[in-house]
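Data block below; observations after.
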Amino acid sequence: MSMIVRRLSRAATAGLVAAAALTAAAHSAEAADTLGSAAAGQGRYFGTAVAASHLGESDYAATLDREFSSVTPENEMKWDATEPSRGSFTFTSADRIVDHAQSQGMDVRGHTLVWHSQLPSWVSPLGAQDLRTAMNAHINGLMGHYKGEIHSWDVVNEAFQDGGSGARRSSPFQDKLGDGFIEEAFRTARAADPAAKLCYNDYNTDGVNAKSNAVYDMVKDFKSRGVPIDCVGFQSHFNSNSPVPSDYRHNLQRFADLGVDVQITELDIEGSGSAQAADYTKVVEACLAVSRCTGMTVWGVTDKYSWRSGGTPLLFDGDYNEKPAYGAVLSALGGSGGPGDPGDPGDPGDGASCTAMYTRTADWSSGYNGQVTITAGAEPISSWTATVTLPAQQSVSSLWNGTPTWSGNVMTVRPSWNGPLAAGASTSFGFTAAKNGSDAAPTVGTCTAS
Ligand code: XIL
């Protein structure tokens, strides 16, 4: 909500800029009960992809305006949308998004300048020299129009191949201009808008693998030779075939250690309920653990308009209700007011509740395994706390899927990864206890939810 300097050619009015500043101030004065304000409390932005065609839908706009502090046009800044025929630029749809964002005090990510996909048909037949001229003219045309208005630009998108080779992807740019097209695009971009962070963006690079290693080598080479690059974007489209990698944080950190910012640029995770919520928590925690991870963007506001709508991968359902994943992200960002929290605007009531039920799942002469199942009441919950009182002689040697604190023989257990639960959904934690001569069962106290 900072650097908004509109170009005079885009019909700037002092009034609009003033309105944007006021809205930004109002946002920051509120408690951290939205994604944008909670992320701001962590020094990050929290953005979403936006489609111009949905801005007229009041629930869409209300959710966007309430929750997010950055927007990325989902398709409107791509080459086919902005320069459908050579040299004639059209910015109508992209301007609608940028104007809307600015009126709400939101920042804008630019996506994307050079990409093999959503490329108008006139580009690929060009000969090498002409293609180079066209690429630079496209970068200059687009970045010039939005000069000073975009916090980060995806300068080059998806230039590496999938699979184990770490090779560049075949594209008109790669095939005709060779590896050097990426560097040339970044140099042109730096001159076109020196204030914008220049990013390389890709998918399947979220963990350490051959593809991310190849991007890593390129960034390292760019930094060593002074090629202007400021940031690497990790698209982070996850599903059961491509889950959140366990070395996600480590991978973000190794890129940051090269001297670039990292951003999570197109986050979506297929699934539902507490499993989806837990995966979202992992992603947010990974970003927060890396000081140069400057922000996160989810790839859409609502499941119903997601490019992967069948996988319900976003934070709001088709009716703009907050999903368990929303509460998980909000609480991972240190915010309050997720589902079940008092005063949450998306909550029908504030009846967050849970029950805890104990069973012994294994038994042997010297010990046993206990399990406590936590079930949310009629409303989704973002977290829970359960107490377990053990007979005096017994001691617990290990506990899983929960985080214990001790007071005498009373164990208070909070979630590890499994806090958010949909209404009526369950999770459980388990523990191994030594009997030390007492076979009595522990007592489980009341479960409290938030
Ligand atoms: C997707 C959009 O979400 C769709 O609406 C469009 O039909 C295709 O592109 N990687 C990217 C994004 O960098 O631009 C893509 O967006 C998703 C994958």
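The values are calculated or read from the model by the stated rules, or taken from the named source; none is laboratory data. The structure presented is a predicted model; accordingly, all values stated were derived computationally and were not measured. Heads up, the Cβs are rebuilt from the backbone with ideal geometry, glycines too, and the neighbour counts pull from every protein chain shown. In case anyone asks, the SASA skips ligands and DNA or RNA and just uses the protein heavy atoms, side chains included. Shrake-Rupley method; radii C 1.70, N 1.55, O 1.52, S 1.80 Å.
Protein heavy-atom accessible surface, 1.4 Å probe, per residue over region 279-432: 38 Å². With helices as the sole contributors, the chain gives -9000 deg cm²/dmol at 222 nm; each DSSP H run of n ≥ 4 counts as -39500 (n - 2.57), and the sum is divided by every residue. For I97, the solvent-accessible surface computed with a 1.4 Å probe is close to 0 Å², ligands and nucleic acids excluded. With the convex hull drawn around the C-alpha atoms of the chain, the volume per residue stands at 150 Å³. If you sort the three axes of the alpha carbon gyration tensor as a ≥ b ≥ c, you get a/c of 1.5 or more for region 266-343 and a/b no higher than b/c, which makes it oblate. With the cut-off at 1.5 for a/c, could you classify region 202-318 from its C-alpha gyration tensor as rounded, prolate or oblate? Prolate is the answer for region 202-318, as a/c is 1.5 or above and a/b outweighs b/c. With contacts defined as alpha carbon pairs under 8 Å and 6 or more residues apart, what's the relative contact order of region 237-338 in percent? Once normalised by length, the contact order is 28 percent. Looking at the chain, the DSSP beta bridges with both ends there are about 55 percent antiparallel.
Got a number for carbon plus sulfur as a percent of the chain's accessible area, 1.4 Å probe? Carbon and sulfur together cover 52 percent of it. One decimal place: the segment W364-S103 gains 87.3 nm when fully extended, by the rule 0.36 nm per residue minus the C-alpha distance. Rolling a 1.4 Å probe over the protein heavy atoms gives region 47-94 an accessible area of 33 Å² per residue. Of T373, A433, W384, which is farthest along the charge dipole of the chain in the positive direction, counting Lys and Arg as +1 and Asp and Glu as -1 at C-beta? Toward the positive end, the furthest listed residue is A433.
In summary, region 38-133 shows an alpha-carbon radius of gyration equal to 1.28 times the 2.2 N^0.38 Å reference for compact globular proteins. Evaluated over the chain, the count of Lys pairs having alpha-carbon atoms less than 18 Å apart is 8 (only pairs 8 or more residues apart or interchain).
The residues of region 124-235 expose on average 34 square angstrom of accessible surface per residue, using a 1.4 Å probe on protein heavy atoms.
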